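Contents: one structure, followed by commentary.
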Amino acid sequence: MRRSRQLFLALTLAFGAAACDEKLSSIAGPTPDLEPTFSSIQANIFELTDSAGRNACTSCHTNVGRNPAGGLNLLHDAAYDQLINVSAIQVPALKRVTPGDPQASYVVHKVEGRAGIVGTRMPRNGPPYMTDGQILILKRWIELGAPRN
Amino acid sequence: MNRSLARLFTAAALSLCLAPAAFAQDDDDTVLKPAEPDFTIASLGTNMRLPQNKMTFRLTHRFEGPLNDNGIGDLFGLDAGAQMGLEFRYGVITGGQVGFYRTNDKTIELFGQYSLLRQGSLPLDLSARVGVEGTNNFQDSYSPSVGLVISHRFGDAAALYVEPTWVNNTNTLPKELVDDNDSINLGIGARIRIRPTVYVIGEVTPRVSGFKPNSNQATFGIEKRAGGHMFQLNISNGFATMPASLARGAFTTDNWYLGFNLARKFY
């Protein structure tokens, strides 16, 4: 009796202790290493043409040639300072990235292709566009205060 | 781990240590206590003990068309699909039961419940319940839960339930993307015996902390006991029948859905 009771308790507790979670890579789609950090977004979104064929933002947004497309340089030495708390050229009432507030970040409006944007949805030569999962991860980085991490 | 969580765990751990006390009493679990005639209220569990080596079976059914949408046109939601669940419980040891429950959205819950204290010298029945829900036939996303079922029977007339439950991984997004991935449900329920074999039930599951989207689920119903059978007709504002789905809440407070539960005891 006692033995079986202990066994029962041990089993049920072991059950409950098995905390589990979805893997980030399960929603990161064609960029399985993407995380909500600046360096990861820089490497996997801005500077990488992913396996789904979505163009690297830096195939246009550079300092090479004439003015950068949209007045935005996303190469890694420049990107952070070009985004954080910088008013968008197209919709100056919005910052490109408002730390802590993805809804008030124009870059989110552009990659989601929202109704109020000027110009086209990004990447300009899409589809493919960023996947819903990639956009969620971008928004989460902004929500976490858009740190330079 | 936040404070309330730590307290819940301490309470659970303490009550597990008290467990041997439960064995001092030995009323016969096969004898029905009229105030607690079933293993569940609607979605929440009760403190009913399943005799060792006995089993029970339950069917839950929630029509997916809102009662108030098209009225008689689609027979109060009956024409829309339904979320159905099948449950099987088995008494593995005296006071301890394990169960398997599956709904047709392919979520499976495996659970165990152990009776720690029985109303008598103390004014409460108490059990600890643990479970794990797994989506996609227990293959994809797992949400473990640990909770207490605290109840008081008022003679043969009624029973009142309070069920604090911690549920992990309630947010279906990866933890890197969310602030809260745990919820604490505070299930509250009651069953009132209005005729010798007829009861009214009500329950609501507020989420007191953590991830708590949408509105709290509430269910009301009327039920009839016939021997080892229980038939319950209910209305609720959501389809949740397991801890993690209760933590995710009901979609709205405006829509109410018809449902029923059927239970059968094999003893």
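The values are calculated or read from the model by the stated rules, or taken from the named source; none is laboratory data. From a predicted model like this one, the values you see are computed outputs, not experimental measurements. No Cβ is skipped: glycine too gets one built from the backbone with ideal geometry, and neighbour counts run over all protein chains shown. Protein only, heavy atoms only, side chains kept; ligands, DNA and RNA dropped before computing areas. Shrake-Rupley method; radii C 1.70, N 1.55, O 1.52, S 1.80 Å.
Things to note:
- Segment A:30-42, residues that are open to solvent by less than 40 Å² (accessible area, probe 1.4 Å), in a loop (DSSP other than H, G, I, E, B) and more than 9 Å from chain B (Cβ to nearest Cβ): A:Pro30, A:Thr31, A:Leu34, A:Thr37
- Scanning segment A:77-123 for residues that are among the β-branched types (Val, Ile, Thr), open to solvent by less than 40 Å² (accessible area, probe 1.4 Å) and under 17 Å from A:Cys60 (Cα atoms) yields A:Val107, A:Val111.
- Of the residues in segment B:136-143, at least one is modelled with pLDDT of 90 or more and either assigned to a loop (DSSP other than H, G, I, E, B) or within 19 Å of B:Thr205 (Cβ to Cβ) (or both).
- Checked against the criterion of being open to solvent by 50 Å² or more (accessible area, probe 1.4 Å), more than 10 Å from every other protein chain (Cβ to nearest Cβ) and touching a Gly at 6+ places or on another chain (Cβ under 8 Å), the candidates B:Arg89, B:Arg102 yield just one match: B:Arg102.
- Taken together, the criteria exclude B:Arg193 from residues that are surrounded by fewer than 16 Cβ atoms within 10 Å (Cβ to Cβ) and in contact with a Phe, Trp or Tyr (Cβ under 6 Å, 6 or more places away or on another chain).
- Exactly one residue out of B:Arg195, B:Arg207, B:Arg191 is farther than 22 Å from B:Ser127 by Cα and of a type outside the set (S, T, N, Q): that is B:Arg195.
- Tally, over segment B:144-171, of residues that are crowded, with 16+ Cβ neighbours inside 10 Å and either over 24 Å from B:Val130 (Cα atoms) or among the polar types (S, T, N, Q) (or both): 8
- Screening B:Leu233 on (1) open to solvent by less than 50 Å² (accessible area, probe 1.4 Å); (2) in contact with a Lys or Arg (Cβ under 9 Å, 6 or more places away or on another chain); (3) hydrophobic (A, V, I, L, M, F, W, C) shows it passes everything except condition (1).
- Residues of segment B:239-255 that turn out to be open to solvent by less than 70 Å² (accessible area, probe 1.4 Å) and either assigned to a loop (DSSP other than H, G, I, E, B) or touching a Cys at 6+ places or on another chain (Cβ under 8 Å) (or both), as a count: 7
- Considering residues of segment B:165-178 that are without any contact (Cβ under 8 Å) to a residue 24 or more places away in the chain and part of a loop (DSSP other than H, G, I, E, B) only, the residue farthest from the other protein chains (Cβ to nearest Cβ): B:Leu173
- The condition of being modelled with pLDDT of 85 or more, in a helix (DSSP H, G or I) and either within 14 Å of another protein chain (Cβ to nearest Cβ) or touching a His at 6+ places or on another chain (Cβ under 8 Å) (or both) holds for only one of A:Ile45, A:Ile27, that being A:Ile27.
- Picking from residues in segment A:9-24 that are open to solvent by 50 Å² or more (accessible area, probe 1.4 Å) and modelled with pLDDT under 70, the one that is nearest to B:Ala244 (Cα to Cα) is A:Ala19.
- Qualifying residue in segment B:130-143 (condition: under 19 Å from B:Thr56 (Cα atoms) and surrounded by 24 or more Cβ atoms within 10 Å (Cβ to Cβ)): yes
- Filtering segment B:108-129 to residues that are in a strand (DSSP E or B), of a type in the set (Gly, Ala, Ser) and either open to solvent by 20 Å² or more (accessible area, probe 1.4 Å) or in contact (Cβ under 8 Å) with a residue 40 or more places away in the chain (or both) leaves B:Ser115, B:Ser127, B:Ala128.
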